[in-house]
Amino acid sequence: MPIMVAYRHSSAGRDALRVGARLARSRGTKLYIVSVIPREVEHDTFAPPSASYDRFVFDQMGGWLAEAASLVAGDIELHTEIEVSDSEEQGILDAAHRLHAEVIVLGTATGGLLGRFTLGSVSNALLHSSDVPVTLAPDDAREVAQDAPISRVTVAVGDLGGNRTLFDTAAFIASRRGIPVRLLTLATVDPGRGSAAADRARTQAVQTLGTAAVSSLPHDLDITTRVEVAGRIDQAVEQVDWDPAEIVLIGSSRLAQARSMFLGSTAAKLVRTLSVPMIVVPRDDVMRTGAADASGAAPTATDERGGER
């Protein structure tokens, strides 16, 4: 299934293009570059829309798409599309459904800290409504070479063990090229509660990673686990090593309707804190702790600090 870049003629669009190309190369799949032209609703019957202006807009967009295509290496099967819609976010979703895209890739607004995410109105809307996984490219993703392989897929796993779409997306990215997968839980504990509370949080997180999460991934993947406990999410994030060439997956809030997104508070904090590309996946059936594969056995996952989990 193809990767789709929602392209704008801007630095954010080039960030999205670079991440999309790397994802498509990792999967050996098609890459679609799609730009949306808003459908103008003209209320003044005495001044109908100008056909020449419409042609100018289409020609200009076509030129920008051709320029974008020229930035992608020739080893990727590439297609460009123009989508006409009443709104940009709806046009992006309509195109993703029509093209059967596995992932939508978006650039993020400029103006934030270098390498961080600043969400605009379109990305915000999609992160609260999309039924297709949405990839956010940070504001410097274009600095990573497009032929740089994805070094790792990190899956942020919550207290219930994640959901099926989360692990399916991780396997989709990692399986073809044998990309390592890291299962990560970030737990917060009030420092005033003492070390015993932190130890309990860590133990519970390790159990979750070692059962539901691990048993939901193909057995032939290289899987490691990592748990970080801190007083705040941003502190826990800072305790983890991040590779600019990796991809991070996060799930939607439990408040989301089935097969749709809603960016919960923890996910929103990750978006504000991380500086590597991330994929937000729609909510699906929750894979609760204790799940097992058909054989009743789970694949082995190695803890990053040594030993097995």
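Within the range 144-183, track down each residue that is over 30 Å from residue 200 (Cα atoms) and charged (D, E, K, R).
Scanning the range 144-183 gives 147, 176, 177.
Which one is farthest from residue 216 (Cα to Cα), of the residues in the range 158-182 that are modelled with pLDDT of 85 or more and not in a helix (DSSP H, G or I)?
My answer is 177.
Conditions: (1) assigned to a loop (DSSP other than H, G, I, E, B); (2) at pLDDT below 70. Residue 218 meets all but one. Number of the miss?
(2)
Considering only the range 81-99, how many residues are part of a strand (DSSP E or B) and either crowded, with 19+ Cβ neighbours inside 10 Å or in contact with a Pro (Cβ under 6 Å, 6 or more places away or on another chain) (or both)?
Adding up the residues that qualify gives 1.
Select from the range 22-61 the residues that are small (Gly, Ala, Ser) and modelled with pLDDT of 95 or more and list them in ascending order.
The one that is small (Gly, Ala, Ser) and modelled with pLDDT of 95 or more: 35.
I'd like the full set of residues that are of a type in the set (Gly, Ala, Ser), free of Cβ contacts under 8 Å to residues at least 60 places away in the same chain and assigned to a helix (DSSP H, G or I), limited to the range 48-80.
Those that are of a type in the set (Gly, Ala, Ser), free of Cβ contacts under 8 Å to residues at least 60 places away in the same chain and assigned to a helix (DSSP H, G or I): 51, 52, 62, 63, 66, 69, 70.
Within the range 196-230, restricting attention to residues that are of a type in the set (D, E, K, R) and either touching a residue at least 60 places away in the same chain (Cβ under 8 Å) or under 23 Å from residue 177 (Cβ atoms) (or both), which residue is surrounded by the most Cβ atoms within 10 Å (Cβ to Cβ)? Give the derivation first.
Of the residues in the range 196-230, the ones of a type in the set (D, E, K, R) are 199-200, 202, 220, 222, 226, 228.
Narrowing further to those that are either touching a residue at least 60 places away in the same chain (Cβ under 8 Å) or under 23 Å from residue 177 (Cβ atoms) (or both): 220, 222, 226.
Values: 220: 9, 222: 13, 226: 21.
For the range 196-230, the residue satisfying everything is 226.
Among the residues of the range 231-253, which ones are in contact with a helix residue (DSSP H, G or I) (Cβ under 8 Å, 6 or more places away or on another chain) and crowded, with 18+ Cβ neighbours inside 10 Å?
Selection gives 233, 237, 247, 248, 249, 250, 251, 252.
The values are calculated or read from the model by the stated rules, or taken from the named source; none is laboratory data. Source: prediction; values computed, not measured. Note: ideal-geometry Cβ built from the backbone for every residue, glycine included; neighbour counts use all protein chains shown.
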